[in-house]
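Working notes, structure below.
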């Protein structure tokens, strides 16, 4: 499958970041290391908002925020983000995002606005590991589907387009189902056909993704846990029951009764088990955290080996909580190796970060965060 073949392009690193009125950050101008960047500060000071701004410049949206206007600092009318990136050949890219209240956000590359935001996705691949990701293990299937979608969309634009068309057809079908038996059966059939066409395309991409992804994930888990546990991740879909159009139509009367679509790729699931049992029920906090980190590091390697071949920017937000010292050291050793590029780590513990830095030969910088203000500090 062509989108899954490596294409060894130049890595992109974030050299300079400008922030204005983003969440609790009033203004910031930051120069970063191409290696390791550590941000220390108490909870609620703005460390996570800094990482979220970097993510926004890659994926055109904030994590866990449905309305972009909620990212605008209180009592302000707009926010602005600008990132200056540089590849291995010292060719620079400037990415700019701005949003005014009541208006649509504008993303620009080299000063030119995008006609479609989807055109930007994948230019600067990114992987974020944060406390919010705990829902990937303990939450519903929507979280795990989003995990697949975020990865595949960054290296396969046709996938993102098909997923968008599927979701539109699903929304239209659900609107008709809410009308009950009075709905137009011809329109219902039309939307079902589109769901089936786009859904089977999305399913094939997800299935191929998981075939490549699963062994990478298992290798990272074994490296971190030192083979102490047996973990599995398996992908299930209604498409595995037969042609999706037949599956969707087989229970149409029940769909009409409940008022929404019970079958389709919007119900796909990733089943995660440890020693044969569901992780969200049987796994300890440390095992669940290890699985989460292994999933995200595997996501990183998958993006690096596929699509553009560019190493993603890695964001690690307060990830070492609930992990024993041995697993922390193994994770640090992994992300400090040659397989990983520019990395950002946040923590509340300066001594913890100093220990991490003592384990890595990478170039690095440390920043202190207080109330949305960032100061570069010297390494001990």
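The values are calculated or read from the model by the stated rules, or taken from the named source; none is laboratory data. Since we're looking at a predicted model, the values are computed, not measured. Every residue, glycine among them, receives a Cβ derived from its backbone with ideal geometry; neighbour counts consider all protein chains shown.
At-a-glance table
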{"quantity": "Checking residue 357 against (1) farther than 30 Å from residue 146 by Cβ; (2) free of Cβ contacts under 8 Å to residues at least 60 places away in the same chain; (3) assigned to a helix (DSSP H, G or I), the condition it does not meet", "calculated": "(2)"}
{"quantity": "Within region 110-131, tally of residues that are over 11 Å from the mean Cα position of the chain (by Cα), at pLDDT below 90 and closer than 26 Å to residue 320 by Cα", "calculated": "1"}
{"quantity": "Within region 242-257, considering residues that are without any contact (Cβ under 8 Å) to a residue 40 or more places away in the chain and not in a helix (DSSP H, G or I), the one nearest to residue 204 (Cα to Cα)", "calculated": "242"}
{"quantity": "Residue list for region 76-92, restricted to those being out of contact with any helix residue (DSSP H, G or I) (no Cβ under 7 Å at 6 or more places or on another chain) and part of a strand (DSSP E or B)", "calculated": "78, 80, 82, 84, 85, 86, 87, 92"}
{"quantity": "Residue list for region 350-378, filter: over 24 Å from residue 55 (Cα atoms) and in contact with a helix residue (DSSP H, G or I) (Cβ under 6 Å, 6 or more places away or on another chain)", "calculated": "359"}
{"quantity": "Helices (runs of 4 or more DSSP H) within region 258-349 that include 3 or more residues touching a helix residue (DSSP H, G or I) at 6+ places or on another chain (Cβ under 6 Å) and closer than 26 Å to residue 240 by Cα", "calculated": "285-305"}
{"quantity": "Flag if residue 329 is surrounded by fewer than 20 Cβ atoms within 10 Å (Cβ to Cβ) and either under 23 Å from residue 124 (Cβ atoms) or modelled with pLDDT of 85 or more (or both)", "calculated": "no"}
{"quantity": "Filter result (surrounded by fewer than 16 Cβ atoms within 10 Å (Cβ to Cβ), at pLDDT below 95 and not in a strand (DSSP E or B)) within region 224-241", "calculated": "226, 227, 228, 230"}
{"quantity": "Residue match in region 62-75 (condition: part of a strand (DSSP E or B) and out of contact with any helix residue (DSSP H, G or I) (no Cβ under 8 Å at 6 or more places or on another chain))", "calculated": "yes"}
{"quantity": "Which numbered condition residue 182 misses (of (1) within 22 Å of residue 247 (Cβ to Cβ); (2) free of Cβ contacts under 8 Å to residues at least 60 places away in the same chain)", "calculated": "(1)"}
{"quantity": "Helices (runs of 4 or more DSSP H) fully within region 125-193 counting 3 or more residues that are more than 22 Å from residue 52 (Cβ to Cβ)", "calculated": "157-177"}
{"quantity": "Condition met for residue 50 (crowded, with 20+ Cβ neighbours inside 10 Å and either modelled with pLDDT under 95 or over 18 Å from residue 299 (Cβ atoms) (or both))", "calculated": "yes"}
{"quantity": "Residue check, residue 70 over 22 Å from residue 151 (Cβ atoms) and surrounded by 18 or more Cβ atoms within 10 Å (Cβ to Cβ)", "calculated": "no"}
{"quantity": "Qualifying position, being surrounded by fewer than 17 Cβ atoms within 10 Å (Cβ to Cβ), over 20 Å from the mean Cα position of the chain (by Cα) and in the same structural domain as residue 371 (by TED's automatic domain parsing), among 102, 64", "calculated": "102"}
{"quantity": "Any chance residue 292 is touching a residue at least 24 places away in the same chain (Cβ under 8 Å), within 27 Å of residue 229 (Cβ to Cβ) and under 20 Å from the mean Cα position of the chain (by Cα)", "calculated": "yes"}
{"quantity": "Test: residue 352 is under 22 Å from residue 211 (Cβ atoms), in contact (Cβ under 8 Å) with a residue 12 or more places away in the chain and either over 21 Å from the mean Cα position of the chain (by Cα) or surrounded by 18 or more Cβ atoms within 10 Å (Cβ to Cβ) (or both)", "calculated": "no"}
{"quantity": "Residue within region 102-109 that is at pLDDT below 90 and in contact with a helix residue (DSSP H, G or I) (Cβ under 7 Å, 6 or more places away or on another chain) present", "calculated": "no"}
{"quantity": "Residue 171 being without any contact (Cβ under 8 Å) to a residue 12 or more places away in the chain and either surrounded by fewer than 20 Cβ atoms within 10 Å (Cβ to Cβ) or within 30 Å of residue 86 (Cβ to Cβ) (or both)", "calculated": "yes"}
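Each row is one residue, and each column tells you yes or no for (1) farther than 30 Å from residue 208 by Cα; (2) at pLDDT 95 or above; (3) surrounded by fewer than 17 Cβ atoms within 10 Å (Cβ to Cβ).
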position	(1), (2), (3)
42	yes, no, yes
57	no, yes, no
77	yes, yes, yes
83	yes, yes, no
91	yes, no, yes
94	yes, yes, yes
151	no, no, no
